[in-house]
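Computed from the coordinates by the stated procedures, all read-outs in this text should not be read as laboratory data. Since we're looking at a predicted model, the values are computed, not measured. Counting neighbours? That spans all protein chains shown, and the Cβs are built from the backbone with ideal geometry, glycine included.
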Amino acid sequence: MFELAASWVTISALATAGGTLVLAIATFASVRSANRAARVAEVSVLSNLRPLLLPSGLEDRRQKVGFMNNDEWLYIEGGRAAARATDTAVLLAMSVRNVGSGIALLHGWRIFTGNRRDAEQAPPVPEELTRFTRDIYVPAGDIGFWQGTFRDPTSDGYATARRAVEEHQELVIDVMYGDLEGGQRAVTRFGWIPAGEHDWIVQAGRVWNIDRADPR
């Protein structure tokens with residue numbers, strides 16, 4: 001009788017353990033499925049906020065870009081860039097289009113001179129970029145602009161940029177931007193190809209992701 005009672009106790013304990021194991025497996029599967037669904041939902045939300053800056057089309061409208069002083073203006077045609085160099089400032093601007101699905105907030109930039117093939121291929125370090133002194137936004141599915149200035153005539157950057165503008169050289173400009181929340185940062189490398197007497201045709205060479213894995 002004692003052995004039978006012991007057997008039933010053992011069977012009951014094993015059944016309880018088995019039921020607990022099944023419940024644990026079901027809970028794990030449910031949590032894993034919920035996490036996967038949450039990740040899919042997060043990716044979907046981020047995709048709807050993600051910007052992507054490329055050159056605007058040649059048929060896009062003309063834009064008037066203002067700078068710090070009231071008398072500083074540049075006019076840029078669709079798909080083009082413009083620049084002006086004086087004894088006190090070098091002004092640069094280009095027309096861009098946001099082909100992504102979210103508003104683009106511009107963060108910073110850097111510039112190279114010379115042939116685009118000679119520009120270093122590595123993406124920029126965000127901390128080394130020149131930051132904007134005001135927020136510049138580009139609406140999703142619409143055009144906007146990038147602008148940059150050099151105002152210290154004694155700096156190397158000013159001298160290099162002024163010479164490039166006055167000699168109408170090719171330029172390479174890296175622009176970092178992100179979504180409206182400041183995330184999903186990316187960098188587009190734009191190449192300026194001399195066109196008319198005072199403007200450049202804009203092309204895009206590379207795009208790098210800063211906050212997520214690159215697709216290549």
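Averaging 1/r across all pairs of distinct Cα atoms in segment 53-209 and inverting the result yields a Kirkwood radius of 15.6 Å. The length gained by stretching the chain between GLU128 and LYS64 to full extension, at 0.36 nm per residue less their Cα-Cα distance, is 20.2 nm. Within segment 135-215, the proportion of Cα pairs with more than 17 Å between them is 59 percent.
Using the Cβ-Cβ distance between ALA195 and THR154 with R0 = 25 Å, the FRET efficiency computed as 1/(1 + (r/R0)^6) comes to roughly 0.20. Placing dummy labels 7 Å off each Cα toward the beta-carbon, the span from LEU23 to ASP211 is 4.1 nm.
Each of ASP179, ASP214 has some number of other Cβ atoms within 10 Å of its Cβ, and from fewest to most they run ASP214, ASP179.
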